[in-house]
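One structure is given below, encoded as structure tokens.
The values are calculated or read from the model by the stated rules, or taken from the named source; none is laboratory data. Just so you know, these numbers come straight off a predicted model, no measurement behind them. Cβ placement follows ideal geometry from the backbone for every residue including glycine, while neighbour counts extend to all protein chains displayed. For the accessible areas, the whole protein counts, side chains as well, though only heavy atoms, and no ligand, DNA or RNA atoms are used. Shrake-Rupley method; radii C 1.70, N 1.55, O 1.52, S 1.80 Å.
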Amino acid sequence: MGVLWMWGEGLHESDLPTMSLFASQLAAAIQNANLLTEVGRLAITDELTGIYNRRHFFELAEEKFSSAKRNKSPLSALIVDLDHFKKI
């Protein structure tokens with residue numbers, strides 16, 4: 001939801017259809033941006049748990065290892081294997 005506020009001396013009531021069309025196009029663009037954000041989130045997270053999926057985990061790990069190497073800073077990784085994770 002939003003507001004399109006236009007003012008000026010040259011605006012007339014006959015401009016309303018054009019402004020309405022512009023507002024509709026703007027609303028569609030905002031909705032598409034929101035959908036793209038949601039698709040991006042769904043692509044990197046597990047729907048059931050909400051945690052990052054395997055592919056994204058390895059992308060982040062590669063980024064962190066590279067950063068630690070470049071900055072010569074320590075980095076630790078802990079990997080835990082949980083049996084019967086679905087019950088949790």
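Assess whether Thr37 counts as being of a type outside the set (A, V, I, L, M), in a loop (DSSP other than H, G, I, E, B) and either touching a Phe, Trp or Tyr at 6+ places or on another chain (Cβ under 6 Å) or surrounded by 10 or more Cβ atoms within 10 Å (Cβ to Cβ) (or both). Here the answer is no, as Thr37 does not meet what is asked. Taking the criterion of being open to solvent by 80 Å² or more (accessible area, probe 1.4 Å) and either under 25 Å from the mean Cα position of the chain (by Cα) or in contact (Cβ under 8 Å) with a residue 12 or more places away in the chain (or both), the residues of segment 9-25 that qualify are Phe22, Gln25.
Look at (1) open to solvent by 70 Å² or more (accessible area, probe 1.4 Å); (2) among the charged types (D, E, K, R); (3) part of a helix (DSSP H, G or I) and you find that Glu47 fails only one, number (3).
Taking Ala77 as the residue in question, decide whether it is in a loop (DSSP other than H, G, I, E, B), open to solvent by less than 100 Å² (accessible area, probe 1.4 Å) and either of a type in the set (Gly, Ala, Ser) or touching a residue at least 40 places away in the same chain (Cβ under 8 Å) (or both). Yes, satisfied.
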